[in-house]
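Reviewing the structure listed below.
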């Protein structure tokens with residue numbers, strides 16, 4: 001089974017997959033701007049944030 005984070009050799013977490021997430025303001029914006037598509041799914045172009053890359057590098 002694959003985990004969202006893995007441990008490096010030094011015992012620190014490796015957050016290299018950087019999953020997207022939305023802050024409370026971004027969620028509110030997404031709900032406000034969501035449009036229902038032809039297939040019945042709501043979509044929004046609201047901004048999404050990503051976790052910072054490993055070793056403090058923002059990517």
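Read the figures in this text as sums done on the coordinates, not as results from a lab. What you see is a predicted model, and the numbers here were worked out from it, not measured in a lab. Every residue, glycine as well, gets a Cβ built from its backbone with ideal geometry; the counts of neighbours run over all protein chains shown.
Separation between the residue 35 and residue 10 pseudo-spin-labels, each 7 Å from Cα along Cα→Cβ, expressed in nm?
In this crude label model, residue 35 to residue 10 measures out at 4.7 nm.
Put a dot 7 Å past each Cα toward the Cβ at residue 21 and residue 46; how far apart are the dots in nm?
Taking the simple label geometry, residue 46 and residue 21 are separated by 1.6 nm.
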